[in-house]
1. With (1) in a strand (DSSP E or B); (2) farther than 22 Å from A:PRO100 by Cα as the list, and A:TRP535 as the residue in question, which single condition is left unmet?
2. Please go through the range A:321-337 and pick out each residue that is within 23 Å of A:PHE387 (Cβ to Cβ), in a loop (DSSP other than H, G, I, E, B) and out of contact with any Leu (no Cβ under 6 Å at 6 or more places or on another chain).
3. So, of the residues in the range A:497-515 that are under 25 Å from the mean Cα position of the chain (by Cα) and within 14 Å of chain B (Cβ to nearest Cβ), which turns out to be surrounded by the most Cβ atoms within 10 Å (Cβ to Cβ)?
4. Which one is surrounded by the fewest Cβ atoms within 10 Å (Cβ to Cβ), of the residues in the range A:460-480 that are assigned to a loop (DSSP other than H, G, I, E, B) and of a type outside the set (D, E, K, R)?
5. Only one of (1) within 20 Å of A:ASN318 (Cα to Cα); (2) modelled with pLDDT of 95 or more is not met by A:ASP225, so which one is it?
6. With farther than 30 Å from B:ILE121 by Cβ, in a helix (DSSP H, G or I) and in contact (Cβ under 8 Å) with a residue 60 or more places away in the chain as the only criterion, which of A:VAL79, A:VAL122, A:VAL84 stands out?
7. For A:PHE166, state whether it is among the hydrophobic types (A, V, I, L, M, F, W, C) and at pLDDT below 95.
8. Within the range A:62-71, identify whether any single residue is within 14 Å of another protein chain (Cβ to nearest Cβ), closer than 30 Å to A:GLU146 by Cβ, crowded, with 17+ Cβ neighbours inside 10 Å and touching a strand residue (DSSP E or B) at 6+ places or on another chain (Cβ under 9 Å), and answer yes or no.
Amino acid sequence: MDLNQKRTRTVDRVDSVDPDLVSPESTPMCPFPDEVLEPVLSLINSHKDRSSVSLVCKDWYNAERWSRRHVFIGNCYSVSPEIVVGRFPKIRSVTLKGKPRFSDFNLVPEDWGADVYPWLSVLAKAYPFLEELRLKRMAVSDESLEFLAMNFPEFKALSLLSCDGFSTDGLKAIATHCRNLAELDIQENGIDDLGGDWLSCFPETLTTLQVLNFASLNSEVSFSDLEKLVTRCKSLRVLKVNRTINLDQLQKLLLRAPQLTELGTGTFTQDLVTRPVADLEATFGSCKNLLTISGLWDTNSLYLPVIYPACASLTFLNLSCAALRSFELAMLLIHCKSLRRLWVLDTVGDMGLEAVGSWCPLLEELRVFPADPFEQENVAGVTESGFVAVSRGCPKLHYVLYFCHQMTNAAVATVVQNCPGFTHFRLCIMNLGQPDYVTNEPMDEAFGAVVRTCPNLQRLAVSGLLTDLTFEYIGKYAKNLEILSVAFAGSSDLGLKYVLGGCPRLRKLEIRDCPFGNAALLSGLTKYESMRSLWMSACNLTMNGCRVLAKEMPRLNVEVMKDEDSEDSQAHKVYIYRTVAGPRRDAPPFVLTL
Amino acid sequence: MSVPLEHDYIGLSDASSLERSTESSNINVFTLKATELSLGLPGFGKSYEENAKFGPVVKNYMSGAKRGFSDVNFNGSGPSGKWALNGGSEADLCKGVNDVKPVEEEKKGPVKAQVVGWPPIRSFRKNTMATNLPKNGDVAEANLGSGECLYVKVSMDGAPYLRKIDLKSYRNYAELSKALEKMFSCFTLVGQCSSNGIKGRDGLNESKLKDLLHGSECVLTYEDKDGDWMLVGDVPWEMFIDSCKRLRITKGSEAIGLAPRSMAKCKNRN
C-alpha cells in the first residue's frame with residue numbers, strides 16, 4: 001500500500017519510544033491481521049497520530065513501523081540514524097532538524113555539529129530509494145550533496161532551510177545527477193554563492209521539476225537555460241527566482257508557466273522601460289492559479305500595480321523584501337480579498353496595518369518585520385495602534401509575528417480580545433526591557449491577557465520589561481503551550497519555576513539572558529524528558545547545577561558550551577535534550593556533555 | 001577576549017557577563033520603580049540617570065576603547081550639520097555600530113548597546129533589508145554583501161606583525177576605525193573618516209585636515225588599485241572597499257606627505 005505521492009505537510013515523528021514501554025503481547029486484543037492493519041495505518045500521516053498508534057500494542061507498533069513512509073526527526077541528536085533505520089524499514093522521506101533555533105541569531109558557535117553526512121551514509125544503505133530530504137539548521141557540505149546526488153537514484157525532493165556549509169557546487173551535483181528531481185527548495189542558508197552556473201547543470205531531459213526556489217541566492221543564472229527549463233517542466237507549480245531576474249525576464253517565464261501556483265519574482269522595477277506596464281499586467285492576469293506571490297524586490301508605485309489582476313485569488317502575499325509605504329500597501333490590499341497570510345516590512349507603518357484590517361477580513365497570519373532592526377533612534381515602524389487595527393478587522397487572526405519599538409498592555413489585551421483564537425503569538429519589542437510606554441509598568445499584563453484569553457496558544461515569544469508575574473501567568477494558564485521563547489526577562493528563579501511547574505504540553509523552551517539559576521533548572525527535573533529540548537544561555541547556571549541535572553537524568557544530554565570569557569564554574573550556554581542515542585560522539589571541543 | 005559572534009556588532013557580546021559584574025543573583029523582587037532592575041543592558045529602565053549606573057560596569061568592555069574618534073568633532077556638510085563620533089567616554093556606552101549621530105541628539109537619546117542575536121532576525125533577512133534601505137533615501141550603507149570576503153592586510157608602523165581584516169564585514173568608516181582601534185589598541189585614529197564618503201567628500205576642508213594631521217598620533221592610509229597610497233576617508237565607503245588593497249597605519253608626520261594630494265582632491269571636488 002503505497003504512500004500518496006502528494007507532498008504532505010504533516011509528517012511523522014520518531015519518538016524516543018522505548019520499545020519495552022509498549023504493551024506486551026496482545027493478540028487476543030488485536031483481531032486485525034497485518035494485511036488489514038497496514039493499509040489502514042498507511043492512511044495516517046500525522047506524526048503525532050502515528051506515535052499514538054505505535055503505543056497501542058506490539059502488533060500495532062509493528063504494523064505502524066512497516067507502513068511509515070515519512071519520518072520526522074525534530075532533533076537530530078535525539079536518536080541515531082542506526083536506530084531510525086532499524087525501526088522503520090520503508091522510509092521514502094526524511095525531515096531532519098539540527099541546531100537549536102538560537103543558532104539563527106548567531107548564538108551557537110560554528111562547527112557545533114548537526115552534520116548531515118553521517119545520516120546520509122546510513123540512509124544510503126537502508127533506504128536506497130529515498131525520495132525526499134528536508135533539512136533545517138543542519139550542517140551540509142558540498143560532499144554531502146554530492147553523496148546525496150550519487151547514491152539515491154530515485155531522489156526527488158531536496159529542501160534546505162537555514163542550513164550552512166555548502167556552496168553552489170553542491171547544487172551543481174544535485175542538478176546534474178538527480179534525474180527525477182521534482183523539488184529544489186533552497187531557502188535562507190549560509191551558502192557560499194560561487195556563481196549561477198548550477199542552474200545550467202539541469203539536463204535537457206529533466207522535465208519533472210515541480211518546485212524551484214532559488215530566491216535567496218545572489219548570483220545571476222543563465223536566463224536562457226532557466227527559460228528552457230521552465231518551458232519543458234510542464235508540472236512546475238512553484239517558481240521563486242532571485243533578484244537578478246528582471247521584469248522582462250519574469251514576463252517571459254510567466255508566459256511559459258501560466259500554471260504556477262506560487263511565484264517569487266525577481267527585481268520588480270526597471271530603469272529602462274522596455275515593455276509597457278500594461279503588458280506585464282496582462283500577463284499577471286493570465287496566471288489564474290496563483291496563490292502566493294513573494295520577492296517583489298525594489299518595487300514601487302509604478303510597478304506594483306501590475307500584480308493587481310492576480311490578487312483576487314491570492315492567499316499568501318510575502319512583501320518582506322519590498323519596503324512598501326502605507327499607501328502602496330493599502331492600494332494593493334484592496335485587491336486582495338482572499339488573503340490569509342501576509343508578511344510585510346514595518347515601513348508600511350500603522351496606516352498600512354489599518355489597511356490590512358480594512359481589506360483582509362479572512363486574514364489568519366500576519367508577520368511584520370523591521371526594515372531597520374538595529375536603528376535605535378528616530379525609527380518609524382509600527383506601534384501598538386497598528387496591531388490593534390489589524391485585530392479589529394481580522395477576527396480570524398491566529399498567527400502573529402510582530403516587531404515593534406513600543407507596546408502597551410492595554411493594546412495587547414484588546415488584540416487578544418478581538419482575536420481569541422491565537423495559536424502563535426510572537427511579539428518582539430525590540431528595545432530591551434521596554435515597559436508599557438504609556439503607564440511605565442512592566443508588560444506582564446499583556447502576556448497575562450494572551451494566555452488567559454487564548455486557550456489554543458501553542459507558541460509564545462515574550463519581550464519587553466517582564467517580571468516573574470508574566471511567568472506565573474504562563475505557567476497557570478497556558479495549558480496548550482508547546483514552544484516558549486524568553487529573552488531578557490524575569491526577576492528570579494521563580495519565573496522559570498512557574499513555567500516548569502505548569503505548561504503541561506511544553507516541548508521547546510529557549511531562554512537567553514534571564515536571571516534563572518540552578519534551583520530553577522532543577523525544579524524541572526522530571527519535565528525535560530517530555531520535552532524536545534531546553535536552551536538556556538547567559539543565565540545564572542553553573543557547571544555544578546548542570547552536573548546535578550545530568551546525574552539525575554541519564555536519558556538527557558546536558559551539554560554546556562564553554563566560552564573563552566566566562567569563568568570555569570559558569571555554564572554559559574546550556575542545551576539540554578532527551579535522547580535515546582546517548583552522548584554525542586561528534587561534539588567539538590567546546591561542547592561538554594556532562 | 002571573546003570576539004562578538006557577528007561582525008555587525010561591536011559592543012557587548014554577552015549581556016549576562018555584565019549582569020554578573022553587578023549585583024545579580026541577589027535581586028529578588030522587582031519593584032515597579034524599576035530603578036532597581038539590574039538585568040543586563042543599559043537602556044533598561046526609564047530614565048537616563050540609570051544608564052549612568054551601568055557606566056562603571058561597562059568600563060570593563062570599554063577598556064580597549066581609547067580616545068579614537070571620541071571627542072573629535074568635525075564639520076560634515078551632511079544634512080544634520082555637526083556630527084560627532086562617540087565611543088570613548090565611559091559614561092557613554094558603546095552606541096553600536098552606526099555610531100555617527102548629530103551632537104544634539106546624543107544628549108537626549110538613551111545610549112544603547114547592541115547585543116549579539118538581538119533583535120532575533122535571521123542573517124538572511126538582515127542582508128535583504130540592508131540592500132533595501134538605500135532606496136528609501138536613508139543614509140547610504142554599504143551592502144552587507146553576499147557572503148564574499150575581502151581580506152586586506154593591515155600594517156602599523158612599529159608593530160611586530162600585520163593583521164588581516166575582512167573589509168566586507170564593516171559597513172562604514174566608523175565601524176572600520178573602531179575595529180582597527182581594537183586591534184591595534186595602542187594608537188589613536190584620527191577622525192578624518194566620516195560615516196560615509198558622501199559627507200566626507202565635501203566635508204574635509206584644507207585647514208581641518210591639516211589640524212587633524214598635526215594633532216594626531218597616527219593616520220590611516222591605504223594602497224589603492226593603482227598602487228598609490230591614499231588617505232582613508234576621502235571617497236565613499238563603497239568606492240573605498242572596491243579599490244583598497246591594503247591598509248597602513250602610519251605616524252602622523254609621515255602622512256603629511258599625503259596631505260597635498262588630498263588637498264588637491266578636495267580642491268578639485270569643491
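The values are calculated or read from the model by the stated rules, or taken from the named source; none is laboratory data. Nothing here was measured: the structure is a model prediction, and the numbers come from that model. When we count neighbours, we look across all protein chains shown, and the Cβ atoms used for this are built from the backbone with ideal geometry, even at glycine.
1. (2)
2. The first filter runs over the range A:321-337 and keeps only residues within 23 Å of A:PHE387 (Cβ to Cβ), leaving A:321-334, A:336-337.
Add one more test, that the residue is in a loop (DSSP other than H, G, I, E, B), and what stays is A:321-325, A:334, A:336-337.
Hits for the range A:321-337 are A:CYS321, A:LEU324, A:ARG325, A:ILE334, A:LYS337.
3. As a first pass, look at the range A:497-515 and keep what is under 25 Å from the mean Cα position of the chain (by Cα): A:499-500, A:503-514.
Checking the rest, the ones that are also within 14 Å of chain B (Cβ to nearest Cβ) come to A:510-514.
Details: A:GLU510: 21, A:ILE511: 25, A:ARG512: 26, A:ASP513: 26, A:CYS514: 28.
In this case the residue turns out to be A:CYS514.
4. Going through the range A:460-480, the residues assigned to a loop (DSSP other than H, G, I, E, B) turn out to be A:462-467, A:478-480.
Then keep just the ones that are of a type outside the set (D, E, K, R); that gives A:462-467, A:478, A:480.
Values: A:VAL462: 25, A:SER463: 29, A:GLY464: 29, A:LEU465: 26, A:LEU466: 27, A:THR467: 22, A:ALA478: 26, A:ASN480: 17.
The residue in question is A:ASN480.
5. Status for A:ASP225: all satisfied but (1).
6. Details: A:VAL79 fails: in a helix (DSSP H, G or I); A:VAL122 fails: in contact (Cβ under 8 Å) with a residue 60 or more places away in the chain.
That would be A:VAL84, the only listed residue that is farther than 30 Å from B:ILE121 by Cβ, in a helix (DSSP H, G or I) and in contact (Cβ under 8 Å) with a residue 60 or more places away in the chain.
7. Against the criterion (among the hydrophobic types (A, V, I, L, M, F, W, C) and at pLDDT below 95), A:PHE166 qualifies.
8. Of all residues in the range A:62-71, those within 14 Å of another protein chain (Cβ to nearest Cβ) come to none.
Taking every residue of the range A:62-71 in turn, none turns out to be within 14 Å of another protein chain (Cβ to nearest Cβ), closer than 30 Å to A:GLU146 by Cβ, crowded, with 17+ Cβ neighbours inside 10 Å and touching a strand residue (DSSP E or B) at 6+ places or on another chain (Cβ under 9 Å).
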